[in-house]
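The values are calculated or read from the model by the stated rules, or taken from the named source; none is laboratory data. Quick caveat, the model's predicted, so the values are computed rather than measured. So basically every Cβ, Gly included, is an ideal-geometry build from the backbone, and we count neighbours across all protein chains shown.
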Amino acid sequence: MSSYPPIACIPGLVLMVLLSACHGQADVARPAGSARLGAITITRQACGSCHVIPGIEGADGRVGPPLAHFASQQTIAGKLPNSPANLKRFLKAPRAVVTNGAMPDLGLSDDQMRDIAAYLYALK
């Protein structure tokens, strides 16, 4: 008798693996914070002077990368895996991640970083 599952079970196993992978992505897409307050903070901090940011009036800067589809990107600043924790790490000390990058330290509070993350992770 074989210890392998019957062939009829394989599609179900594949589906379970795919769904478990999707579950991890769903967690990333829902950080704590308020997207509405994130938009306000992004506007007040003038993030749009350096980045193109959908939904933010006047956010048409070309110095930094465009932030459209942020939630779908694989990395943050080309260095860190894209996750809310890594976004917070980058926003807290951008030059600790990209030593000679143009992103300034904005002096954001933890709440502001969570709200910005909520906004950016809504950009799929």
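Things to note:
- Tabulated pairs, segment 105-116, first over 12 Å from residue 47 (Cβ atoms), second of a type in the set (A, V, I, L, M) and buried (at least 20 other Cβ atoms within 10 Å of the Cβ), C-beta under 8 angstrom, 6+ apart or interchain: 113/87; 113/91
Okay, residues lined up against (1) in a helix (DSSP H, G or I); (2) modelled with pLDDT of 95 or more:
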site: 68; (1), (2): no, yes
site: 87; (1), (2): yes, yes
site: 100; (1), (2): no, no
site: 107; (1), (2): no, yes
site: 112; (1), (2): yes, yes
site: 116; (1), (2): yes, yes
site: 119; (1), (2): yes, yes
